[in-house]
Structures are given as C-alpha cells and as structure tokens.
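**Student:** Dumping the structure here so I can ask a few things about it.
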Amino acid sequence: MVPLPYRVLTRHQELTDTVTLRIAPISKRLADPLPGQYEMLWAFGIGEVPISVSGLDDDGVLEHTIRSVGAVTKSLCSSKVGDIIGARGPFGIGWNIDRATGQDLLIVAGGLGLAPLRLAMLEALANRHRYGRLALLVGARDPESLLFVEELEQWRGRFDIDVEVTVDAAPPSWRGNVGVVTKFIARTPVDFSNTSAIVCGPEVMMRFAALTLADHGVPPGQIYLSMERNMRCAIGHCGHCQFGPEFICKDGPVFPWTRMEKMMLAKEQ
Amino acid sequence: MLSLSAIATLLSNLQSDGRKVIAPVLDDHAIGLAEVDTLDDLPSGWTERQDGGTYQLERLERPELFGHATTAMSWKKWLYPERTMLARASRDSGSVVIEEPPPEAERMAFFGIRSCDVHSLDILDRVFLDPVDPTYAARRAGLFVVAATCARPGGTCFCASMNTGPKPTAGFDIALTEIWTEEHHEFFAEAGTQEGQEQLDSLNGAEASDADLAALELIVSEATKTMGRFLDPSHPRAAAGRYEHPHWDIVAERCLSCANCTMVCPTCFCSTTEDTTNLSGSVTERWRTWDSCFTLGFSYLAGAPLRNSAKSRYRQWLLHKLVTWHDQFGTSGCVGCGRCITWCPVGIDLTSEIAAVAQDSGGPS
Amino acid sequence: MKTIRDLLGEHQLFRSFHPDLLELMAGCGHNVHFEAGKQIFSEGEPADEFYVLRSGKVSIGIAVPHRGTVLVETLGPNEVLGVSWPFPPYRWEFDSRAMDPTSAIAMDAECLRTKCEEDPALGYQVFKSFALLMRNRLQATRLQLLDLYGNHAG
C-alpha cells in the first residue's frame, strides 16, 4: 500500500518537544481511523513512523500529536504549514470501547499517552449513555507537560465525568495533585469489578497501572493497553514489532492485559 | 520413470515455456543457486559435508544429479528479493506525486528444490500472501516446482524429525527421486499438479515397476535414518515462555550476533526500510531490504534498542522460529534444513539449544 | 458529634484496629483545621505531631535553589501527613502547606510514642500500619523518580 500525500494544515506547539499537526488529504483520502488506530507518517527522505490518531475532523483531516525523539519525528515536528508528508493507514486494532457498553469506563493516560486516548474519550462522550461512570486519570511529568489542558479543563467541568490530573513534581504555584498516577486509581469512583480500563503511556507506567487495576478487581481481560514497538511495514511483514507471538502492528497496538502480562513481566533486555 | 536425458528435456521444456530455471550450481567452493541453461550446469557428482560451522564439498563416485542436500543459500531470494522499492515520491514546485512501482514479476521454475525447502515455500506463503506482498505473489503464482528427494542428507539435516522430508510429499508440480541400479540411472517422477502431469505426459516415461518402487522406499528409509541432527517435537512446546531460563546466558556467550543464520534460513523474512534521495531532494525513494533480528538496531525504540544483549536477541530468534511461529502462522518456522547450524561461525545447533531450554532448570522459569 | 476514636476508625489506615486500641490512640489526638494556603510545618522544625487527614488537600515540598519549593506529593482524605514522628531526631524533613481547606486529627507524637512503648500490642499495630504506608509511598516515589514521561531519546 503506497502512502498518500497529505498537506500540513495547522501546526500547534503543545510542549517544547511535542507538536500537533493537522493534515489534510490532497487528492485521495485514507479511510477514517477508529480510536486507537495509527497511521504511518512519511517524512520524505528520512523515514516513516507510526503515530496514533488523536483527532479526526471533517473532510478526512487527521490530527497527530508527535513527540520529537528521533530523526523522523524531529523532521515531522519541524514541518511548516503547507508542507507535504506521506501518510498510509489506518492500521491496527483500536480501543473498541463499545465492548464496555453497560460498564464503567476508566481511562488512564500517562504523558503522551493522552493523545491516542483522546479519540476514545470523544467517542465515549458522544455515546455517554452507553457507560456507567466515566473517569479519566491523567499523569504527566509536571504542569508544563500537560497536553490538551483546555480540553481537560472542559471535561473536568462536566458533571458526567470524573477527571483527576496529577504530576510527578510541580512548582509551588501548582494547585493540583502531585503523585504517581497509579496512586489515584484506588480512589476513582468506579465499580472495579464492572469496569473496562484503557491505559496508554510509557510501558513501565502501563505495567504498574495494569497491575494496580487488577489488584483493585478490574478483570484482567478488561484492562487494555496500547503498545509501541519499532515498526517498518505496519502489516506484519518486516518482523520488527514482534512481542512474543504478537505483531504489535496488526494484532495490536491495543491488547488486553491477559495477552501482555506474562511477557511484560519478563525482562526484554 | 524418466531417464537422465528426459530430465534434461524437462528442463529445456520449462525454458521454452518462457521460464527462468533456477537450480543448484557450483559456486565458489559451495553449492549455490543460479539461473541455469542446461542440466550440465547442475553440480552432478558433488555432495556437501556439513557440520556445525563446517561446510566442504566432496566428490562422489557416481555422477549423482541430486547427490547433495541443501544448498548454501536458500531459495527465498528468488521470491523475496533482497532489495525492493516500495514507493517513490517526486516533488515539483509545491506538489508531490507518490508512486508505487509495479510488482517485479518473474516467470520461474525451481529445479531440484529439496523437500525441506518446498515446505519453506508454504511457510513464506503464510507470511507474504496474507496480507499480499505484490512481488512475492506475482512470482509465486507463476512458479513451477520440480522437487527432488534427498538420498544423502547432510550432517546438519533434521527434516525427518520436522516431518518435512526427505521425500517431498506436497507443494510441487513434479517430484523426482534419483535411483541408481546396476543397469540404470533413472528418476522416479510423480506429478503434484495438473501442469506437472502435463509436463510428465510429454516426456513419455515408463510406468514404475515394483522393483523401482522398492528401490524408492529403500532410498527414503535409508535417508530418514541418516539425518545428522534430530529435533525432539516436544521441546518447542516445553520451551515456550521460558524467558528467564539460565541457558540463555550460556548460548549468549557463544553467539556473535553475526546474523548468518537468518541470512541462510529459508523462512526468515524480516526486513527493514531505507530512504534514499537524489542530491536536490526532489526525488526520494523508500526501499525494503533484508534485515535480521540479530542486529542491534532491529528493536530500536525512541533512541535505544530494546533488545540490547545478544542473549535477548538469540532468545527472540529461537523462540520465534520454533515456538511463537506456531501461534502466528500455524506451523513451525523451521524446516530442518540445518543451514543455520552449518553456517554459524561457532556452530550453534538450535536443536540442542531448544533441548536445553526445554529442560527444567530447577530455578525460576 | 463524632469522637476522635470514631474518626480514627473511619480512616483507611486504622480501619482494622480493635476499638480498644483506637480508644488508646484517641487520647493523643485532637481535631485541627487548616485554611487554604496555611503552612502546616517547615523543614527542620520539631515533628511534634502528625496529621490523619480527613478532608482537603495538603502538599509536601522541598526547597530547591532556583526552583523554589518543588512539590513532590499531594495528600488528601484517608492519607496521613507525617512519617518522621516515630524516629529521632523527630524533625520535619520537608515543608507542608494546606492547598485547600483541610480537616485532620492531629496526633501528639510523644504521646503516641510513649503509648506504643507501654503497650506493645498497640505499638505493633501502629508501626505495621505505618510500615505499609511508607512502603506504598516508597513504591510510588520510585515510579516518580524514573521520570517516565521525560524525553529520554538518545
């Protein structure tokens, strides 16, 4: 499958190293992604990377929140409005939150993990009646590293969502929580035995969050993580993204904890 | 039953049919694979002496056409080229055109492919035909397979314990078994497909006699007994999930992460991508090239490799090849060809490595 | 009107204590209330009391040159502020401030230490609870130490 040319419509600097690009199809358009899916974005001459979709606008405009961690992401982050990049996809198994219909839904986001979860939250809000309690836990490094602050504040203001935001450390002006995000799981007002949890963030954070959720009674088959690995092809041909028997690109990136637990507790190094 | 000259006719018929015929050839003190013109290009009368980290050619007394076992390299490169272009992007004053090159189709015949390698084609089909890789699919669709039984398995062969040989049983158009008697040098030939049957019909071979069938059975049973290695079928399952087994540290001290094993393996399919540009940056191309999970950069994620140690990389390769391949594709990833054992510079034998991990260590597993 | 003993019994850390032990402990406690912004204690001051939090939010911070007081944890209902009280030199090692209006039971440290010495059964329960609290806090702190969300690209 060949990438399609997409034009950068807007560029928003979220954090010092993180940028949100809104990209629009130039002629042909990719299929609309589901929450939790990703596209392979191509910086010509440099390479491709998998980036989760964090927003979907009219006319097939896609939003991607990208952190500069290597040559390709650095190039994408320094794109200017009007630049053209390649995009192919959407790929992967998404959050599928409608399987949590009739349950409480708990969303746990760490750092950049809030980006792939944003579409899940928007979908949950658009179908609010399907779920019992809806809770969002957000962890970040410090107050300056919080993503989508305005949207978080909006959600926090609603009566039908519980939003808790915490940071690992903060300056004295911070009036919010300080502490590791897993600490807040205990006090989230959901019925753990009847909850689906979707978790995204650094792997260590997801591991501890999943263990904590399971300790509190969330059935392991109802805890979902979004995994990340080196990807080249996104279709299960290049072999790079394998994690045990799973191809993260096409069997995931969203997996239930039951399929991840044993391997995540083994040391890869 | 076919004579040697009928075999030669078969080869030229395939060529007349517009096919490139790939067959074993002598190549730089080894038996490799190349496009051939006539049957004379095959390494008649040669065999290989193979062991861990050891490969040598040896002359046979008789001009046996199929006297050797595996070839040094596998057949995969003919279906799955080492380098393929995936896309080209051309930029011209603000607009970009992205093109996908057409599949690199080739009409070919594999002549003298062994049973283990025939099985590897089925294994690669499960990778590259779902989803479809266009070049692989195009080449595979037109491929004519003339398989050959191994009368002389190699020192590192273990197809018998993998149920992949020594006699081809499926996946071929024609299968040949070379039979020497005091009077004759003939080939037992059977068709596996309609097209194979048509080719055989045009060669007017005689029906096989009971003596011929008995000779065939003897060859196969002798070959089955003289395999160089053995893989216990219970070991892969027993080794599953044993990420912390102490044996990984032991094999890690020997493994050089040289990636030879993945290069010669007929089923290893990992690749990477490369972006190239012209000087002005107006044309960029994205290429796919063979890769190996043994390279340090293979598992690179946001700045560093996840599998930093040779231990973790060997473990990944072995458990994938023999264990998790079943979960992914429904078969083992190994066909028992033994090439990885032969071509490992330090002679690591995966049949003993998996046996070691399958043993209870007494420690945490 | 609830007694100190009742309030202690409602708190997660002491919920499993036998009522007699709660009664013993209650003798060391009294209700306190901090307005938002009030400094509860400062680094170096004597750790005379610790606080069993009932409602509100408090911060724990460390003064760092050029960065002011960096907040390293916030605590709320069902948590306890103050783990330095059992051990000499009985001094606060951090700063603490009430972020929101906060109600707590202030426990006199010397009173409780004495009672624990005199009554090993009480001492064992109290120290067991605090060991759990500190273990949880240590684990959480270790995760914070990893700087998981930091950009560690090479």
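Just so you know, all these numbers are worked out from the coordinates, no wet-lab data involved. All values derive from a computational prediction rather than experimental measurement. Neighbour counts are summed over all protein chains in view; Cβ atoms, including those assigned to glycine, are modelled from backbone coordinates with ideal geometry.
**Student:** Provide a whole-number value for the mean count of partner chain Cβ atoms within 10 Å of the Cβ atoms in peptide B:282-292.
**Tutor:** 3
**Student:** Calculate the radius of gyration of the Cα atoms of the protein assembly as shown to one decimal place, then report Dmax, the largest Cα-Cα distance, as a whole number, both in Å.
**Tutor:** 33.6, 114
**Student:** Right, something else. Hey, can you rank B:59-65, B:124-130 by average C-beta count inside 10 Å, highest first?
**Tutor:** Going by the mean number of other Cβ atoms within 10 Å, highest first, we get B:124-130, B:59-65.
**Student:** Please list the non-local residues whose amide H lies under 5 Å from the amide H of residue B:57, H modeled 1.01 Å from N, same-chain partners needing a gap of 5 or more.
**Tutor:** Amide H to amide H, under 5 Å and 5 or more residues apart or across chains, residue B:57 pairs with B:49.
**Student:** Now a separate question. At a 10 angstrom cut-off on C-beta neighbours, averaged per residue, how do the peptides B:69-80, B:14-25, A:167-178 rank from highest to lowest?
**Tutor:** Averaged packing, sorted descending, gives the order B:69-80, A:167-178, B:14-25.
**Student:** Relative to the Cα centre, what is the charge dipole magnitude of the range B:286-365, using +1 at the beta carbon of each Lys and Arg, -1 at the beta carbon of each Asp and Glu, and rounding to the nearest 20 debye?
**Tutor:** Dipole size: approximately 360 debye.
**Student:** With θ set to phi - 60°, apply the Karplus curve 6.51 cos²θ - 1.76 cosθ + 1.60 along the range B:203-208 and write out the HN-Hα couplings as whole Hz, x wherever there is a Gly or Pro.
**Tutor:** Ordered by residue, 3J(HN,Hα) equals 9, 6, x, 7, 4, 6 Hz.
**Student:** If you build a Gaussian network model of chain A, linking Cα atoms that sit under 10 Å apart, which residue out of A:132, A:82, A:36 swings the most?
**Tutor:** Maximum fluctuation in the GNM of chain A, among the listed residues, is at A:82.
**Student:** Using a 7 Å offset from the Cα along the Cα-to-Cβ direction at both residue C:16 and residue B:129, what is the distance between the two label points in nm, to one decimal?
**Tutor:** Result: 6.1 nm between the two label points.
**Student:** Sum up the charges of everything whose Cβ sits under 13 Å from the Cβ of residue B:13, counting Lys and Arg as +1 and Asp and Glu as -1, but leave residue B:13 out.
**Tutor:** My count for the surroundings of residue B:13 gives -4.
**Student:** Based on the alpha carbon coordinates of the range A:65-206, what radius of gyration and maximum Cα-Cα distance (Dmax) apply, in Å?
**Tutor:** Both quantities, over Cα of the range A:65-206: 16.4, 49 Å.
**Student:** Over the Cα atoms of the range B:208-352, Rg to Rh with Kirkwood Rh, two decimal places?
**Tutor:** 1.11
**Student:** Write down the Å³ per residue value for the convex hull defined by the alpha carbon atoms of the range C:29-145.
**Tutor:** Once divided by residue count, the hull of the range C:29-145 is 104 Å³.
**Student:** Just rank B:121, C:138, fewest to most, by other beta-carbon atoms within 10 angstrom.
**Tutor:** The order, fewest Cβ neighbours first, is C:138, B:121.
**Student:** Could you check which residue among C:125, C:139, C:39 shows the biggest mean-square fluctuation in a GNM of chain C with a 10 Å Cα cutoff?
**Tutor:** Of C:125, C:139, C:39, the most mobile in the Gaussian network model is C:139.
**Student:** What whole number of Å gives the distance from the Cα centroid of the range A:149-182 to the Cα centroid of the range A:70-85?
**Tutor:** Taking the Cα centre of each part, the range A:70-85 and the range A:149-182 sit 30 Å apart.
**Student:** Continuing with the same structure: Starting from the Cα of residue C:38, draw a straight line to each of the lysines and keep only those under 21 Å, dropping any in the same chain fewer than 8 residues away.
**Tutor:** Filter leaves C:57.
**Student:** What list of ³J(HN,Hα) values in whole Hz, one per residue of the range A:177-194 in order, does the Karplus curve 6.51 cos²θ - 1.76 cosθ + 1.60 (θ = phi - 60°) give from phi, with Gly and Pro shown as x?
**Tutor:** 7, 10, x, 6, 4, 5, 4, 8, 4, 3, 9, 6, x, 10, 8, 4, 6, 10
**Student:** Using the structure shown, list the pairs from B:167/B:225; B:167/B:321; A:183/A:267; C:2/C:115 with a Cα-Cα distance above 19 Å, or answer none.
**Tutor:** From the list (B:167/B:225; B:167/B:321; A:183/A:267; C:2/C:115), the Cα-Cα distance tops 19 Å for B:167/B:321; A:183/A:267; C:2/C:115.
**Student:** In units of 2.2 N^0.38 Å, what is the alpha-carbon radius of gyration of the range A:4-91?
**Tutor:** 0.95
**Student:** Report, in debye and to the nearest 20, how large the dipole of chain C comes out about its Cα centre when Lys and Arg carry +1 and Asp and Glu carry -1 on their Cβ.
**Tutor:** Using only the charged Cβ atoms, the result is roughly 460 debye.
**Student:** Going by how many other beta carbons lie within 10 Å of each one, how would you line up B:321, B:311, A:80, fewest first?
**Tutor:** So the ranking, lowest neighbour count to highest, is A:80, B:311, B:321.
**Student:** Compute the separation of the alpha-carbon centres of the range C:90-118 and the range A:225-263 and state it in Å as a whole number.
**Tutor:** About 49 Å separates the Cα centre of the range C:90-118 from the one of the range A:225-263.
**Student:** Then there's this: Mind sorting C:38, A:183, C:128 by how few other Cβ atoms lie within 10 Å of their own Cβ, fewest first?
**Tutor:** Least to most surrounded, the residues fall as C:128, C:38, A:183.
**Student:** Another question about this same structure. Quick one: 3J(HN,Hα) in Hz for the range B:304-312, Karplus 6.51/-1.76/1.60 with θ = phi - 60°, rounded, Gly and Pro as x.
**Tutor:** Couplings: 8, x, 7, 9, 7, 9, 4, 4, 5 Hz.
**Student:** When the Cα centres of the range B:161-212 and the range B:30-101 are compared, how far apart do they sit, in Å?
**Tutor:** One Cα centre to the other: 24 Å.
**Student:** Moving on. Provide Rg and Dmax in Å for the range B:179-244, with only Cα atoms included in the calculation.
**Tutor:** Answer for the range B:179-244, Rg first and Dmax second: 19.5, 60 Å.
**Student:** I've got another one for you. Computed from the mean reciprocal separation of all distinct C-alpha pairs, what Kirkwood hydrodynamic radius does chain B have, in Å?
**Tutor:** Value: 22.1 Å, from the Cα pair sum.
**Student:** Working from the alpha-carbon coordinates of the range B:149-274, get Rg over Rh, Rh being the Kirkwood radius.
**Tutor:** 1.11
**Student:** Can you list residues from other chains, or at least 5 along the same chain, whose modelled amide H is less than 5 Å from the amide H of residue B:185?
**Tutor:** none
**Student:** Still on this structure: Relative to the compact globular guide of 2.2 N^0.38 Å, what is the alpha carbon radius of gyration of the range A:122-240, as a ratio?
**Tutor:** Ratio of Cα Rg to 2.2 N^0.38 Å: 1.19.
**Student:** Residues of A:244-256, mean number of Cβ from any other protein chain within 10 Å of their own Cβ, rounded to a whole number?
**Tutor:** Across the residues of A:244-256, the mean count of other-chain Cβ atoms within 10 Å is 2.
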